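Just so it is clear, none of the values below were taken in a lab; they were calculated from the coordinates. Please read these numbers as outputs of a predicted model, since none were measured by experiment. Here Cβ is always computed from backbone atoms with ideal geometry, including for glycine, and neighbour counts include all displayed protein chains.
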Amino acid sequence: MSKITAAITAVGGYVPDFVLTNKVLETMVETNDEWITSRTGIKERRILKEEGKGTSFLAIKAAEDLIEKKGLDPKEIDLVIVCTATPDMKAAATASYTATQIGAVNAFAYDLEAACSSFLFGMSTASAYIESGRYKKILLIGADKNSSFINYKDRATCIIFGDGAGAVLFEPNEEGLGLQDELLRSNGEGREFLQATYGGSAYPINEDTFKEGKHYIFQDGKTVFKNAVFNMADVTERVMKKNNLKNDDIQWLAAHQANKRIIDATANRINLEEEKVMMNIQKYGNTTSATLPLLLYDYESQLKKGDKIIFAAFGGGFTWGSIYFKWAYNS
Ligand code: UT7
């Protein structure tokens, strides 16, 4: 019997309607379209404006899109994982609410958090369950409502982040398609450079801390940038070497969309032509856990069965990694 691999068999996505352009940001903080475009590649991002709607709203929309496109009966889903750094609320898993709302009544559900690497690590988790034979249909969602913890007076962060969600279905494959190999890493010494300090268990929010505004996300952009460029390119190159892959063997690079210059640096390290580099940062900014599935959502029609894709991500924590993947279907 051939070995069971874990393949992606469907993709869904959702971004909110409200578009926050660089031009509008110019009226909010001291910045300009030229600076944002040349330093990050971002032109606009989507924001979920409606009160009372959290990350689950985005996750549900992306999941419903996938379910409709695939013609999937949600009762067949075994597990729903929501990868997110911005859960709806503490203690109650966003995934549990999402699963129930989409009718996945036979599934169990939980959240997975590793900042911008959440979805990449989730791909590893979902694949391991499938490869083990334990579950047959896993809905992996990457969703973040970043606008909920952005200070729109801080130009170092508000120009970068946006809201969105993407979903993929993992199923067993007997043709050897899907996840091939991975290299995943973390280094806790990096956490001081990218975090929302208050609001967790170490520093709960009280009246004083609230005034300091440290419940918003903070980043030392330069340090994060340097570490992202080095580490994302490093693991990508290593995963390729380990699998004897040359640049010509690769059809696509799907890299976390945090800054176009970081993505370009990774592509340059492996000598990959621009046409093979998936890019949608100009439209959505950095949607944290949603960047990788939103790339698949936007590029799905161009992907062919057997295409070799290198996924890569870097995020807070620090967390980072790269996955070598074979696409399983023509759409
Ligand atoms: O998802 C993973 C987490 N995040 C990331 O991977 C993001 C990593 N970091 C970055 O993408 C970049 O560091 C930023 C986009 C955040 C900043 O770009 P940078 O090229 O590292 O800029 P910088 O912080 O070194 O600042 C350069 C200059 C400074 O002015 P001076 O000191 O040279 O006069 C800043 O004050 O640009 C100024 N600046 C801005 N100017 C206009 C910083 N932010 C802005 C802004 N608009 N928004």
Item to complete: For the chain, with a Gaussian network of springs between Cα atoms less than 10 Å apart, report the residue from 104, 59, 312 with the top mean-square fluctuation.
Response: 104
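May I ask you to derive the FRET efficiency for residue 175 and residue 90 from their Cβ-Cβ distance with R0 = 30 Å, giving the value to the nearest 0.05? Show your work: numbers first, answer last.
Details: r = 42 Å, r/R0 = 1.41.
Approximately 0.10, to the nearest 0.05.
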Worksheet item: When the gyration tensor of the chain is built from Cα positions, what are the square roots of 5 times its three eigenvalues, in whole Å, from largest to smallest?
Response: 29, 24, 18
Fill in: Value at 222 nm in deg cm²/dmol, rounded to 500, when DSSP H runs of n ≥ 4 in the chain each add -39,500 (n - 2.57)
-9500 deg cm²/dmol
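Quick one: work out the % antiparallel among DSSP beta bridges in region 5-178, nearest 5.
Details: 21 of 32 bridges.
Around 65 percent of the beta bridges assigned by DSSP in region 5-178 are antiparallel ones.
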Worksheet entry | Links that overshoot a 24 Å alpha carbon limit, given the list 222/326; 211/260; 23/260; 43/70; 43/69 | 222/326; 211/260; 43/70; 43/69
Fill in: Label-point separation in nm, residue 70 to residue 21, each point 7 Å along Cα→Cβ
3.7 nm
Worksheet item: How many angstrom lie between the C-alpha centres of region 1-60 and region 257-301?
Response: 12 Å
Fill in: Proximal aspartates and glutamates to residue 90, defined as alpha-carbon separation beneath 15 angstrom and excluding residues fewer than eight positions away on the same chain
111, 113, 144
Worksheet, complete the sentence: Checking 123, 279, 28 against a Gaussian network model of the chain (alpha-carbon springs below 10 Å), the top fluctuating residue turns out to be 28
Worksheet item: If you stretched the chain out fully between residue 244 and residue 153, how much longer would it get, using 0.36 nm times the residue separation minus the C-alpha to C-alpha distance?
Response: 28.0 nm
Worksheet item: Classify region 1-101: rounded, prolate or oblate, from the alpha-carbon gyration tensor (a ≥ b ≥ c, eigenvalue square roots; a/c under 1.5 rounded; otherwise prolate if a/b is larger than b/c)?
Response: prolate
Item to complete: Using amide H atoms built 1.01 Å from N in the peptide plane, name the residues 5+ places from residue 285, or on other chains, whose amide H lies under 5 Å from its own.
Response: 43, 44
Worksheet item: What are the principal axis extents of the Cα atoms in region 5-62, in Å, biggest first?
Response: 47, 33, 13
Worksheet item: Among 289, 56, which comes first, second and so on when ranked by fewest other beta-carbon atoms within 10 Å?
Response: 56, 289
Worksheet item: Of the residues 180, 302, 219, which exhibits the maximal mean-square fluctuation in a Gaussian network model of the chain defined by a 10 Å Cα contact cut-off?
Response: 302
Fill in: Cα gyration tensor, region 219-331 - rounded (a/c under 1.5), prolate or oblate
oblate
